[in-house]
Amino acid sequence: MKYSKDWLYIDIAIFITFLPFIFVIPFLMKIFVFIGLYFIYKKQTTPLWIIGGISIVFHFYNLIELKNFNIYLQFLVSLLIWGVYLQRTQNKNNYILLSPILFFGLSIVFFQNIYMLFYSIFEVFGFLFLIFYIRLNNYKSALKESGFLFLISMPLVIILFLFFPRYHNKFLPISFNQKIASGFSKNLDTNIKDVTLSSLPIIEFKLKHIYPILYLKGNVLYDFKNGIWYESNSYPKDTIISLDKIESYYLKQYPTNNKFIFAIDLPFESGYGKLNKYYILKSKKNIKTTLFFQLSSAIKYKIAPLQYPYLALKYNKNYNKKAQLLAKEIFNLDEKTKLKKIIEIFKTQKIKYTLHPKNIDSLNIIDSLFQNKEGFCTHFASAFAIFSRMAGIPSRIVNGYVVSKNIKGYYKIYESDAHAWVEVLVDGIWQRIDPTTFAISSDFIPPTTSKLNLYISYMKFILEEWILHYNASMQEKFFNYLKIHFFKVFGIFILFLGVIIFIILKLKQNKNILSPLYKKLGNSPKNESVYNFLKKYNDKKLNEINNLYQKITFYKSTKEDIKKLKKLIKDYNG
């Protein structure tokens, strides 16, 4: 089959817009995409009907029962691919001409991430280039014209983007089919004697203010059995007494394949998930896509149980005999004094922090920690919680993440930032205690993240926050900023506009040079390049003008070249 040049531009447009989907369509559809090319070449429609139909039925037979929106998008993309392949064996029609636009639209809905943002810009530029290339039949002229049109449209695009009315959307999944990032467990196992933490990213967020250290709660654990802390709904519900240092922010959480959402300190309002009785944020389903949503947290707060949690004093009296004797000495003191004494006891033990402790007895966790003088956060927290109960202070374990390193309030949390700490009930208020800070030394070397990589992540997050997720809330935030810093924003926009105008004038300058020549010829290029237009005259002087014009337009040139071109045109015009 002879390949028609008319199909070339359509196939290029289809290929560019379809390319992102090759990574996410089902396995049999991938096979169909490659095998189908052979049948398109042979113009055989029947095999395309059969193979494409089987692939779609096999993967989407239970489509009505599925509630995942991404699966429906996969189904639409698969149908579109099938339709394009079937139409490709026929003559050109409106469907095949429309297919690149349909692929482009579906990709914007499907891939809501920063990479697709830049790829979409490339696609738009690619479309413009193809349109001009078809008209001008010269890739240099097409590149210049498409770049020119792209530039002059930028100010209008920016204005429409910033001021066009937006809808409220506090939650948006921004990608799918991603690698599961976290090994976070709903329980805390003190039987684990050796820990290896990965450097996979878990959470990103940007706050208005900078904090030296932040805790992100994952789960609250009350029950301790056989060396493992478990969550439980048998304990009284917490209630908010006061909230302070409130931060409204966007949180990006990578897929973890569990339901836990790691919000900062105390979340009280969220665009995604549901708060449980202990103010822990959870998703209804396991998180298998990257989330990006708005929420509010209090960095400083007071919460209290609705009833006294007597079960939070429970511990096994058959273990930790030495610790029980220490706790008995301070049992009759008031709660605040007891807490100070417990902290002093742990500090005086001079325990070393290590991810590879030896001889840890999870049942006699306090005695073995005090004797062996080494452990990691799980052992510190477990020992402190049980000792507090022995001394008559209700306690519970919280596991999650802790972070301090940031850039201008931007924080990126990795798997290696996983942590466990304790909350004790003193004077009716839950108070956070991080026993790991009592360690005298540490052999833990966290995975290093270069400042450059952190800056790149920071810029990527800002782009996602302000461009991909520019909703009504963000627009309101921008308008408020505009009221305060109007002249600053206006000045930047005018400067940006001035640069574009300057570039446009420079690009236009060379075109105006040929205006006297066009007047002499009584004609000008229409739907073709300057090079092809002047070449048609087969004139020696025009060829010299043409070659010099191409050099000035597309290659390095000097003022002498421009003067020479003007002289050649003047001499030709007589």
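The values are calculated or read from the model by the stated rules, or taken from the named source; none is laboratory data. Computed from a prediction, not measured in an experiment: that's the story for all the values here. Here the Cβ is made from the backbone with ideal geometry for all residues, glycine too, and neighbour counts use every protein chain on show. Areas reflect the complete protein model, heavy atoms only, side chains present, ligands, DNA and RNA absent. Shrake-Rupley method; radii C 1.70, N 1.55, O 1.52, S 1.80 Å.
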Filter the range 259-281 down to the residues that are open to solvent by less than 50 Å² (accessible area, probe 1.4 Å), more than 12 Å from Ser296 (Cα to Cα) and part of a strand (DSSP E or B) and list them by number.
Phe260
Can you tell me how many residues in the range 542-574 are in a helix (DSSP H, G or I), open to solvent by 60 Å² or more (accessible area, probe 1.4 Å) and either closer than 17 Å to Ser141 by Cα or touching an Asp or Glu at 6+ places or on another chain (Cβ under 8 Å) (or both)?
2
Complete set of residues in the range 96-140 that are among the aliphatic types (A, V, I, L, M), within 12 Å of Tyr9 (Cβ to Cβ) and touching a residue at least 40 places away in the same chain (Cβ under 8 Å)
Ile96, Leu97, Leu130, Ile134
Among the numbered criteria (1) β-branched (Val, Ile, Thr); (2) outside the structural domain of Ile51 (by TED's automatic domain parsing); (3) open to solvent by less than 60 Å² (accessible area, probe 1.4 Å), which one does Val157 miss?
(3)
State which residue is most open to solvent (accessible area, probe 1.4 Å) when the search covers only the range 225-258 and only residues that are assigned to a loop (DSSP other than H, G, I, E, B) and in contact with a Ser or Thr (Cβ under 8 Å, 6 or more places away or on another chain).
Asn226
